[in-house]
1. Pulled fully out, how much extra length does the chain show between C98 and W121, if you take 0.36 nm times their separation in residues and subtract their Cα-Cα distance?
2. List the relative contact order of the stretch 39-138 as a percent without decimals, with contacts defined as Cα pairs under 8 Å and 6+ residues apart.
3. Arrange the following residues from fewest to most other Cβ atoms within 10 Å of their Cβ: D38, D106.
4. Which order do D124, D64 fall in if you start with the one that has the fewest other Cβ atoms within 10 Å?
5. Restricted to Cα positions, what overall size does the stretch 39-95 have along the principal axes? Three whole-Å values, descending.
Amino acid sequence: MVGSASVHRMSGLFLLVVMGVWTAASAPAPADTGFPFDTELLLDADPMRGSKRVPILTVGPKGDTLIELWCNSVQSQFVVVDNTLTILTTGQKSERQCDPERMRADEDLLAALLEVTGWRWENDLLVLRGSRAVRFRRSTH
């Protein structure tokens, strides 16, 4: 015959196990903390008037990256060491003709990206730090 102290300990243990499983299941998933290689990232900005396009970074598994700006695009290499980041252009920028507003926005964004010195996660946004912060979010498609 099992004593009442034994039953009490077993029910207490059962309660602890159930509480632990419930806590683990309801806890938020930890944020991604590594650099998002092999990922498509969208600039955290509204599209320009008359377009649905926003700049996109398509980062390869080894840092080879296509930077699709507001109008044109350029190949680059992302060099990541811990939380430092250097962006090097490795190809010629495409020569599409767009309206002057988009062309200026291309130059402005590319200049900001080439001045990036570091990166960090801020909730679900990848923040590239340099002369100004540029924020990207993971593509959901």
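1. 5.0 nm
2. 22 percent
3. D38, D106
4. Final ranking by Cβ density, sparse to dense: D124, D64.
5. So the three principal-axis extents are 38, 24, 16 Å.
Readers should treat all values here as calculations from the given coordinates under stated rules, not as data from a laboratory. On a predicted model such as this, the values are computed, not experimentally measured, just so you know. Quick reminder, even Gly has a Cβ in these numbers, built from the backbone with ideal geometry, and neighbours come from all protein chains shown.
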